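These notes concern the structure reproduced below.
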Amino acid sequence: MEHDLDKMEEMIGATIPAQKLAETRLERRTYRPIGELCCDAAQHGLINEKNQIETTRGALLEKQAQMRHALNDLYKQLKHIKDDLRDKYSSLQLETRCLDLRGCHMHEEGLKEGDNEAEAIPSNFHEPGDAETTTSSGIGDRISALTNFSAIRL
């Protein structure tokens with residue numbers, strides 16, 4: 001989209017020399033000698049050319065404004081998505097901490113009842129603060145470990 005906007009600006013810039021040329025040619029026709037000063041087909045052609053260039057330039061400027069508006073809307077949507085992703089990441093971190101605390105609490109309850117620690121806690125369960133539990137790749141393991149731990153306790 002930004003590339004298209006740059007191309008549009010180049011196209012608008014390309015109309016400026018053509019417009020200046022048509023205006024210069026029209027102006028020079030006004031300073032012709034009296035006998036040659038008339039409104040003929042060439043004069044009408046230059047006027048039409050000038051009007052066509054102005055119309056084209058106006059359409060390009062309007063299209064450019066539409067493209068800028070669409071690009072701004074896309075940037076707003078991107079910001080909204082990034083904010084939403086940030087909120088979801090924060091929620092995931094909070095959920096992970098809750099799972100860690102709940103796992104620690106379950107671990108303490110399991111030991112109070114006199115169960116054998118090796119039987120009560122699955123082998124893939126880790127204490128909060130372990131290096132493996134602080135990475136995002138260990139979240140699935142922790143959830144499955146808590147699920148397995150809950151199934152054993154029931």
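The values are calculated or read from the model by the stated rules, or taken from the named source; none is laboratory data. Not measured: the values here are computed from a predicted model. No Cβ is skipped: glycine too gets one built from the backbone with ideal geometry, and neighbour counts run over all protein chains shown.
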So, in region 27-80, of the ones that are farther than 30 Å from Lys7 by Cα and polar (S, T, N, Q), which residue ends up surrounded by the most Cβ atoms within 10 Å (Cβ to Cβ)? Gln43
Every listed condition ((1) assigned to a helix (DSSP H, G or I); (2) modelled with pLDDT of 60 or more; (3) over 42 Å from the mean Cα position of the chain (by Cα)) holds for Thr56 save (3)
Selection from region 42-65 of residues that are of a type in the set (A, V, I, L, M, F, W, C) and without any contact (Cβ under 8 Å) to a residue 40 or more places away in the chain: Ala42, Leu46, Ile47, Ile53, Ala59, Ala65
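Considering each residue of region 81-97, count those that are among the hydroxyl-bearing types (Ser, Thr, Tyr) and under 30 Å from His3 (Cβ atoms), and give that number.
0
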